[in-house]
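Reviewing the structure listed below.
The values are calculated or read from the model by the stated rules, or taken from the named source; none is laboratory data. These numbers come from a predicted model, not from an experiment. Using ideal geometry, Cβ is built from the backbone for each residue, glycine included, and neighbour counts are taken over all protein chains shown.
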């Protein structure tokens, strides 16, 4: 038995919801068990979660709130979503120094690659004895694409994506701090410049008064 993550895209966009609703009540097949499922949609270049479910260890169906697909959806819906058009796979492959890994760990990028704007996709986590049964089931709904990746590979990809996300947040936080610091420095400079200008005005005013008084005294002594 293998744990796999599947991405299915259908010709009829509503089929993603139809399959989700059908497998919610029939998640066990002869050669497979579906434990997590999610419908996602690409909106303005970003993949967003729409609806999903997970099956607990006692067979109860509930809202998708965690697990592998929960983390998967969280990543593709987060700040790194804009990088999943291919650059993330390259980063992961580069970090391991293995070009094959770049191809192996591509379901995050594939989800954005094979979904066009306003289109829906179905993502499944399934334990399979063999692939054909679930493939045949999905083909009944006139699928365009079925991609399958090992759940272990996807888990590793998600963990690596989380690391990149943390670094992204650190960079963003640093950039924001630097921006605020520069703004405060500019504000302080403006305040100092204002104080100096004010002192200069007062000094020039006082200097004029002193010069006037000295001129008066000189005039007085001349008399």
Filter the range 113-126 for residues that are more than 18 Å from residue 19 (Cβ to Cβ) and outside any loop (DSSP other than H, G, I, E, B) and give the result. 113
Taking the range 24-42 and the residues there that are in contact (Cβ under 8 Å) with a residue 60 or more places away in the chain and more than 16 Å from residue 73 (Cα to Cα), the one that is surrounded by the fewest Cβ atoms within 10 Å (Cβ to Cβ) would be 30
List pairs: first residue in the range 127-148 and on the phi > 0 side of the Ramachandran plot, second residue assigned to a loop (DSSP other than H, G, I, E, B) anywhere in the structure, Cβ distance under 8 angstrom, at least six positions apart or on different chains. 142/11; 142/12
Residue satisfying all of: in the range 130-142; assigned to a loop (DSSP other than H, G, I, E, B) and modelled with pLDDT of 90 or more; surrounded by the fewest Cβ atoms within 10 Å (Cβ to Cβ) among these: 140
Give the residue that is farthest from residue 38 (Cα to Cα), with candidates limited to residues of the range 143-154 that are in a helix (DSSP H, G or I) and touching a helix residue (DSSP H, G or I) at 6+ places or on another chain (Cβ under 9 Å). 153
Just wondering, is there one or more residues in the range 73-88 that are modelled with pLDDT under 70, surrounded by 15 or more Cβ atoms within 10 Å (Cβ to Cβ), touching a strand residue (DSSP E or B) at 6+ places or on another chain (Cβ under 9 Å) and outside any loop (DSSP other than H, G, I, E, B)? yes
In the range 8-47, how many residues are out of contact with any helix residue (DSSP H, G or I) (no Cβ under 8 Å at 6 or more places or on another chain) and in a strand (DSSP E or B)? 4
Take the conditions touching a strand residue (DSSP E or B) at 6+ places or on another chain (Cβ under 8 Å), part of a strand (DSSP E or B), modelled with pLDDT under 90 and buried (at least 20 other Cβ atoms within 10 Å of the Cβ) and apply them to residue 5. Does it pass? no
